[in-house]
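Worksheet: one structure, shown below.
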Amino acid sequence: QDQLVESGGGLVQAGDSLRLSCAASGDTFNNYAMGWFRQAPGKEREFVATITWNGDSTHYADSVKGRFTISRDNAKYTVFLQMNSLKAEDTAVYYCAAVYKADGRWVNFNSWGQGTQVTVST
């Protein structure tokens with residue numbers, strides 16, 4: 001069974017950029033919409049961004065719109081999240097997952113991985 005591994009997190013200053021990667025071990029996820037979620041300390045996991053299986057449509061949470069860009073390279077089984085103009089409130093563990101929409105909410109198909117920590121200092 002293909003798995004997803006997130007990477008690219010780190011400690012940065014406010015205003016900096018980071019690029020997260022979500023790598024699959026095979027092509028299973030190429031046929032799925034993919035999404036990024038995040039969970040800050042003491043808060044519930046929240047939706048960040050999604051992209052359709054072929055990359056022709058994307059959706060973003062209002063809090064990241066205009067700053068974050070989701071993309072994918074199906075030839076490399078990888079989904080990316082380019083994060084610019086980072087803010088302290090972007091500090092969280094970031095997770096990726098195959099997603100579908102149910103009752104107006106993006107829901108993960110697969111179980112969560114370990115995620116990658118993003119810490120933004122001021």
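General observations
- The trypsin sites (Lys or Arg not before Pro) found in the range 29-83 that occupy coil by DSSP, while having at most 13 further C-beta atoms within 10 Å, are Lys43, Lys65.
- Treating r as the C-beta distance of Arg105 and Leu11 and R0 as 25 Å, the FRET efficiency rounds to 0.20.
- Rounded, prolate or oblate (a/c below 1.5 giving rounded, otherwise prolate when a/b exceeds b/c) for the range 13-122 by Cα gyration tensor: prolate
- Assigned charges on the beta-carbon of Lys, Arg, Asp, Glu; the range 6-71 dipole about Cα centre (debye): 160
- Taken per residue, the accessible surface of the range 20-115 reaches 52 Å², heavy atoms only and a 1.4 Å probe.
- Simple spin-label estimate for Thr28 and Lys87 in nanometres, 7 Å along Cα-Cβ: 3.6
- Per-peptide average of other Cβ atoms within 10 Å, ordering 28-35, 1-8 highest first: 28-35, 1-8
- Cα gyration tensor shape for the range 1-51, rounded if a/c is under 1.5, else prolate or oblate: prolate
- Contact order relative to length of the chain, as percent, for alpha carbon pairs under 8 angstrom and 6 or more apart: 34
- The chain - percent of accessible surface contributed by carbon and sulfur, probe 1.4 Å: 45
The values are calculated or read from the model by the stated rules, or taken from the named source; none is laboratory data. Note that the coordinates shown come from a computational prediction; the quantities given were computed from them, not determined experimentally. Cβ coordinates were reconstructed from backbone atoms using ideal geometry, including for glycine residues, and neighbour counts include every protein chain displayed. In case anyone asks, the SASA skips ligands and DNA or RNA and just uses the protein heavy atoms, side chains included. Shrake-Rupley method; radii C 1.70, N 1.55, O 1.52, S 1.80 Å.
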